[in-house]
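The values are calculated or read from the model by the stated rules, or taken from the named source; none is laboratory data. In this text, all values refer to a predicted model and were calculated from it rather than measured experimentally. Neighbour counts run over all protein chains shown; Cβ positions are idealised from the backbone, glycine included. For the accessible areas, the whole protein counts, side chains as well, though only heavy atoms, and no ligand, DNA or RNA atoms are used. Shrake-Rupley method; radii C 1.70, N 1.55, O 1.52, S 1.80 Å.
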Amino acid sequence: KGCPDADGDGIPDNLDKCPGQFGPADNNGCPRLDSLKIKEVETTMQSFADHIEFEFAKFVIKPVSYTKLDNIIQTMQAYPNANFAIEGHTDNVGSDEANQTLSESRAYAVRQYFVDKGIDPSRLTFKGFGESRPRDTNETAAGRTKNRRVEIRLIQE
């Protein structure tokens, strides 16, 4: 009778990355996400990522952030055929070089947290942007706070 295929997409469950959802073979049995769904997923992840906190001027994630990171992991697990880009950003306090290094280190620290919690590292990339992509003004403390962040993008193969 062959191998079970619970969702009827022609991909045996043992090879199907999404055995409960109909999806094409070229996407490993997972449904393709349209641009609106990708934006929705990114918005959900960013609502958690906006609350990731680090030790001052370091890349050590504060324990208060673990629940938010775990929520992001749940979202990643819901889309097993998607990859994710982790982007680190800083405000403009300090040298360009130091901010670039800090942003890269923070993005890597978040990536490593996800890997340590079981996310396949091949699904994750990381990059630091330093102070080059501010979200708000660097002229106020509130603006600088918004600029010190990690963003996560969903990349569908």
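Across region 49-60, rounded Karplus estimates of 3J(HN,Hα) from the backbone phi angles (6.51 cos²θ - 1.76 cosθ + 1.60, θ = phi - 60°) give 4, 4, 10, 6, 10, 10, 4, 4, 6, 10, 10, 7 Hz, Gly and Pro being marked x.
Projecting the Cα atoms of S103, T145, Q46 onto the dipole axis of the chain, where Lys and Arg carry +1 and Asp and Glu carry -1 at the beta carbon, places T145 farthest toward the positive end. The HN-Hα couplings worked out from phi for region 71-84 by the Karplus form 6.51 cos²θ - 1.76 cosθ + 1.60 (θ = phi - 60°) are 5, 5, 4, 4, 5, 4, 5, 6, 10, x, 9, 9, 10, 9 Hz, whole numbers, x standing for Gly and Pro. Work out, step by step, the length gained on full extension between T137 and F56: first 0.36 nm times the residue separation, then minus their alpha carbon distance; give nm to one decimal. Length difference between fully extended and current span is 27.2 nm. Put a dot 7 Å past the Cα of N83, heading toward its Cβ, do the same for T125, and the two dots end up 0.6 nm apart.
Exposure check, 1.4 Å probe, all protein chains in place: T145 carries approximately 80 Å² of accessible surface. Close amide-amide hydrogen proximity is noted between F54 and K62, each under 5 Å apart and 5 or more residues distant or on a separate chain (H modeled in the peptide plane; Pro and chain starts excluded). Inter-part distance, region 65-97 to region 141-157, computed on C-alpha centroids, equals 8 Å. Placing +1 on each Lys and Arg Cβ and -1 on each Asp and Glu Cβ, with no other charges, gives region 70-136 a dipole about its Cα centre of roughly 260 debye.
Between amide H atoms placed 1.01 Å from N, distances below 5 Å from R149 occur with H89, T90, all of them 5 or more places distant or on a separate chain. Taking the Cα centre of the chain as origin and assigning +1 to Lys and Arg Cβ atoms and -1 to Asp and Glu Cβ atoms, the resulting dipole is close to 300 debye. Backbone phi angles across region 110-125, fed through the Karplus curve with coefficients 6.51, -1.76 and 1.60 (θ = phi - 60°), yield HN-Hα couplings of 5, 4, 5, 4, 4, 4, 4, 9, x, 7, 4, x, 5, 8, 10, 10 Hz in residue order; Gly and Pro are listed as x.
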